[in-house]
Amino acid sequence: MADRRVGAKAGLSRELVFDAALDYLDRHGLPALSMRKLGAALGVEAMTLYNYVPNKDALLDGLVDRVMEIAFSGLPDPVSGDWVPWIREFAHKLRAALLAHPGVLPLAGTRPVNSPEALRTSERWLAAMRAAGVPLGRAMDVVNVIATFTIGHTLAEAGQTPGHEGSEPNLDERADELDPAEFPNLTEIIATRAGLDFDHRFTEAIDILLAGYAALDQ
């Protein structure tokens, strides 16, 4: 059915608006984002965007929702009695979505995920986890802990300070300043890269967290 809202543009949709906003964040950073600039990037007036998102706060919340939608897309419901692989896959898909759109990381850690679309998604996975044998409170705890850890880990891995992108400290940049006699462990880490593999660290930490939760029911 054709979009009959006043000011709506043919071919434009809520999903396209948020995907364009994610792209804008990745290229320009959070402080630069505005309805006017986003409209310009889409080739429309800012007022046209209000047909798809009511205000900037809703835009910011929707960006987090959109990343969660990407993470949940294609994720099958957990198998009865074996929910751990499902949560593990969700964690890795969420990290991948955040790494693909690092500009949204400052929002992911501070904005609620409570749009109608996000609530429907939450209801679906809560129902699926309960069907897999996980008590309701435990299901909520597990997903929140895994999502919070994933966001925090990815923020440390790839996040940037809003308004000061590119100024983040880097241990490698201080390598020449470190005296091996005073900092033998840090200089060895820089030289050997021991403990600096983000993929390995994330995978191992998620497996440890999930093993701990799974052991509570044994």
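The values are calculated or read from the model by the stated rules, or taken from the named source; none is laboratory data. The shown structure was predicted, so the numbers you read here are calculated from the model rather than taken from an experiment. Don't worry about glycine lacking a Cβ; one is built from the backbone with ideal geometry, like all the others, and counts go over all protein chains shown. Surface areas here come from the heavy atoms of the whole protein model, side chains and all, with no ligands, DNA or RNA. Shrake-Rupley method; radii C 1.70, N 1.55, O 1.52, S 1.80 Å.
At a glance:
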| quantity | calculated |
| --- | --- |
| Computed over region 77-142: relative contact order in percent, which uses C-alpha pairs under 8 Å that are six or more apart | 45 percent |
| Spin-label proximity, R27 to region 36-67 - amide N less than 12 Å from point 7 Å beyond Cα toward beta carbon | 38-43 |
| √(5λ) per eigenvalue of the Cα gyration tensor, the chain, largest first, Å | 35, 29, 11 |
| Rg(Cα) / (2.2 N^0.38 Å) computed for region 1-120, rounded to two decimals | 1.16 |
| Helical contribution to [θ] at 222 nm, DSSP H n ≥ 4, -39,500 (n - 2.57), averaged over the chain, rounded to 500 | -19000 deg cm²/dmol |
| Using distinct alpha-carbon pairs, which all enter the 1/r mean, Kirkwood radius of region 103-145 in Å | 11.5 Å |
| Accessible-area composition of region 88-128, carbon plus sulfur, in percent [1.4 Å probe] | 58 percent |
| Of all accessible heavy-atom area on region 28-69, the percent that carbon and sulfur account for (1.4 Å) | 53 percent |
| Check: the chain dipole with +1 on Lys, Arg Cβ and -1 on Asp, Glu Cβ, in debye | 1260 debye |
| Virtual spin-label span in nm between D19 and E89, 7 Å along Cα→Cβ | 2.2 nm |
| For region 76-165, radius of gyration divided by Kirkwood radius, i.e. Rg to Rh on alpha-carbons | 1.01 |
